[in-house]
Amino acid sequence: MSPLSSQQFTNNRVVITEGAEHVPLNKEQFKTVTEVLTLPELQKDEIFVQNLIFSLDPYLRYDYQEGSKESSVFGFGISRVIASNNAKVPTGALVISPSNWADYSVIPKKSLSEVAVLDDVIDPKVPLSAYNGVLGVPGFTVWDSLNKIGDLKKGETIYISSAAGTLGQLAGQLAKRKGLRVIGSAGTDEKVAFLKNELGFDAAFNYKTQDKREALTEAVGEAGLDIYYDLVGDDTTEVALDLLNPQGRVVAVGILAYHQNEAPKPITNVYNVLFKRLRYEGYTLFDRFEHFAQFWREMTPLVASGDIKYTQTVVKAGADKIAETYLNVLNGTYKGKVNVQLAEI
Ligand SMILES: NC(=O)c1ccc[n+]([C@@H]2O[C@H](COP(=O)([O-])OP(=O)(O)OC[C@H]3O[C@@H](n4cnc5c(N)ncnc54)[C@H](OP(=O)(O)O)[C@@H]3O)[C@@H](O)[C@H]2O)c1
């Protein structure tokens, strides 16, 4: 989308309509509005960006203003700064930033702690879209949560749910590199084969066609389970709690079942946490951005050399295709990261 002038911009913006909570999301709950934006007067530290490539993460952020039946939808993406009132984020910079699903956005002051300037970080051997995935917020989440909570030890066994997804693929590979035995689950046989044949998982199963308890019990074997890396937040945790060894860990990172507005069955065996002295800890990245530089130092060479693999899809389309693509992310159409590229880079 090109600007109408240096001061005016045609902006397509996705909105979600009231009533989207507590029901499975569908296309009708989203619409795209087209508006003409005038270059806004920026408050101190604010930036105005053109959004180039959105990362379609499974969670949705939206925030109905008082009295409104519609809200913009917010996600992370890579954007170009068009105007800046912030000395740390100059005009022209490429940034990873939270932004509304639109061609153009003002990034308000409260979101600036989540903005990272990419220009000095980008490795030309890696496509820019990878900074939405394996080298972006999802990759950082995996690297940081495994370091902070996972306490991975050689010879241990880890199980990862949604293992063929963006976070799951990386979690499995980082655990393998540390000498763990890695088990994953995914929703199609093709994804299960991918985990075993392409990413080197030791075992994998299809959680839709196989009984989870039987499949995981068999995959874990006599050695038992040491870490459950939970990306789903459903009753799979109940199976994992029964199989975990003493001093095992549950790293709670994702809630894919909730993103689908499913009502997961309650967990009835939390006593395992006490008797086995388990560590059950949640992770969010929002107070961890200061560690991004270290993440990039460690992970960029591994991704650039191909030692860490990743799959991604870049859908080149307008803002009006973001919601549909997002719904396809949730229903398992893709493997790994999905991006919608709105503009040429
Ligand atoms: N804590 C944090 O700071 C943080 C940061 C980033 C992401 N996250 C969260 O981590 C989770 C994973 O993110 P991601 O980007 O890697 O997503 P993802 O796994 O790529 O998500 C898409 C996949 O989820 C699977 N899926 C959808 N519904 C499911 C369900 N009910 N049960 C099991 N699998 C389901 C589908 O694969 P199948 O074909 O295998 O079903 C689909 O392809 C999300 O909940 C995300 O919000 C948390």
Within the range 141-167, the residues that are part of a loop (DSSP other than H, G, I, E, B) and surrounded by 23 or more Cβ atoms within 10 Å (Cβ to Cβ) are SER161, SER162, ALA163, ALA164, GLY165
Is it the case that some residue within the range 52-62 is more than 16 Å from the ligand (Cβ to nearest atom), crowded, with 19+ Cβ neighbours inside 10 Å, more than 16 Å from VAL15 (Cα to Cα) and under 21 Å from the mean Cα position of the chain (by Cα)?
-> yes
So which residues in the range 165-183 are over 20 Å from TYR283 (Cα atoms) and either among the basic types (Lys, Arg) or touching a strand residue (DSSP E or B) at 6+ places or on another chain (Cβ under 7 Å) (or both)?
-> LYS176, ARG177, LYS178, LEU180, ARG181, VAL182, ILE183
Can you work out which of the residues in the range 267-304 that are free of Cβ contacts under 8 Å to residues at least 12 places away in the same chain and not in a helix (DSSP H, G or I) is nearest to GLY248 (Cα to Cα)?
-> THR284
Among the residues of the range 280-298, how many are of a type in the set (Lys, Arg) and loosely packed, with under 15 Cβ neighbours inside 10 Å?
-> 1
For ASP211, state whether it is in the same structural domain as GLY248 (by TED's automatic domain parsing) and free of Cβ contacts under 8 Å to residues at least 12 places away in the same chain.
-> yes
Qualifying positions in the range 170-195 - in a helix (DSSP H, G or I), crowded, with 16+ Cβ neighbours inside 10 Å and more than 8 Å from the ligand (Cβ to nearest atom) | LEU170, ALA171, GLY172, GLN173, LEU174, ALA175, LYS176, VAL192, PHE194, LEU195
Test VAL251 against the stated conditions and say whether it is modelled with pLDDT of 95 or more, assigned by TED's automatic domain parsing to the domain that holds SER161 and within 13 Å of the ligand (Cβ to nearest atom).
-> yes
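Rundown of residues vs (1) more than 11 Å from the ligand (Cβ to nearest atom); (2) within 24 Å of the chain's Cα centre (by Cα); (3) more than 22 Å from GLY150 (Cβ to Cβ); (4) surrounded by 15 or more Cβ atoms within 10 Å (Cβ to Cβ), yes/no style:
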| residue | (1), (2), (3), (4) |
| --- | --- |
| PHE201 | yes, yes, no, yes |
| ASP230 | no, yes, no, yes |
| GLY233 | no, yes, no, yes |
| LEU243 | yes, no, no, yes |
| ASN261 | no, yes, yes, no |
Scan of the range 265-302 for residues that are under 21 Å from the mean Cα position of the chain (by Cα), over 25 Å from SER129 (Cα atoms) and more than 8 Å from the ligand (Cβ to nearest atom), ordered by number = TYR280, GLU281
Options ALA319, ALA323; residue that is away from the ligand (no atom under 16 Å from the Cβ), surrounded by 15 or more Cβ atoms within 10 Å (Cβ to Cβ), at negative phi and of a type in the set (A, V, I, L, M, F, W, C) | ALA319
Mind listing whichever residues of the range 84-96 are surrounded by fewer than 16 Cβ atoms within 10 Å (Cβ to Cβ) and either of a type in the set (Lys, Arg) or on the phi < 0 side of the Ramachandran plot (or both)?
-> ASN85, ALA87, LYS88, PRO90, THR91
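The values are calculated or read from the model by the stated rules, or taken from the named source; none is laboratory data. Since this is a predicted model, take the numbers as computed values, not measurements. Cβ coordinates were reconstructed from backbone atoms using ideal geometry, including for glycine residues, and neighbour counts include every protein chain displayed.
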